[in-house]
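Notes follow the structure.
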Amino acid sequence: MRRLSLLPAAAALVLFAGVAEAHPKLVSASPAPNAVVAKPARLELHFSERLMPKLSGADLMMTGMKGMNHAPIKVAATSAVAADGRTLIVRPRAPLGAGRYSLAWHVVSADTHRIVGNYAFTVK
């Protein structure tokens with residue numbers, strides 16, 4: 001009898017564990033992490049789930065220029081979720097100069113958990 005009463009609790013635990021892991025994951029990015037690229041007009045981050053536009057965004061920072069070390073400089077850019085709901089698009093307001101950049105992103109999907117990440121790339 002006792003084993004039967006544990007069955008619903010075990011089933012609920014398995015179901016909850018599956019839901020708890022349903023966070024959006026970064027599937028691909030352009031430019032890719034650690035890539036060396038020409039001046040991109042926009043950056044695209046593709047996620048595994050639909051995003052909540054009002055709770056998702058990114059910050060772009062210039063972290064270094066050739067031959068110079070300096071503190072990170074915030075780059076003026078806008079970020080928005082594309083019509084497909086799974087792509088976060090970051091548009092710098094001015095062309096990116098040669099240097100190293102860091103993109104820090106934060107997204108929220110239907111599970112309402114904020115997921116964050118970052119990666120770097122270089123503009124030649």
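The values are calculated or read from the model by the stated rules, or taken from the named source; none is laboratory data. Since we're looking at a predicted model, the values are computed, not measured. All Cβ positions, glycine included, derive from the backbone under ideal geometry; neighbour counts span all protein chains shown.
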message: Quick check on segment 89-96. Is at least one of its residues over 21 Å from A32 (Cβ atoms) and outside any strand (DSSP E or B)?
response: yes
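Yes/no per residue for (1) in contact (Cβ under 8 Å) with a residue 12 or more places away in the chain; (2) exposed (fewer than 13 other Cβ atoms within 10 Å of the Cβ); (3) assigned to a strand (DSSP E or B):
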{"position": "K74", "(1), (2), (3)": "yes, yes, yes"}
{"position": "S79", "(1), (2), (3)": "yes, no, yes"}
{"position": "A83", "(1), (2), (3)": "no, yes, no"}
{"position": "S102", "(1), (2), (3)": "yes, no, yes"}
task: Determine, yes or no, whether A20 is of a type outside the set (F, W, Y), modelled with pLDDT under 95, closer than 15 Å to S109 by Cβ and out of contact with any Cys (no Cβ under 6 Å at 6 or more places or on another chain).
output: yes
statement: Every listed condition ((1) of a type outside the set (G, A, S); (2) in a loop (DSSP other than H, G, I, E, B); (3) touching a residue at least 60 places away in the same chain (Cβ under 8 Å)) holds for L51 save (3)
field: Near pairs, Cβ below 6 angstrom, 6+ apart or cross-chain, from segment 111-124 (within 22 Å of P40 (Cβ to Cβ)) to any residue that is among the basic types (K, R)
entry: T122/R100; V123/K39
- request: Return yes when L60 is of a type in the set (A, V, I, L, M), touching a Gly at 6+ places or on another chain (Cβ under 8 Å) and either surrounded by 14 or more Cβ atoms within 10 Å (Cβ to Cβ) or not in a strand (DSSP E or B) (or both) and no when it is not.
  value: no
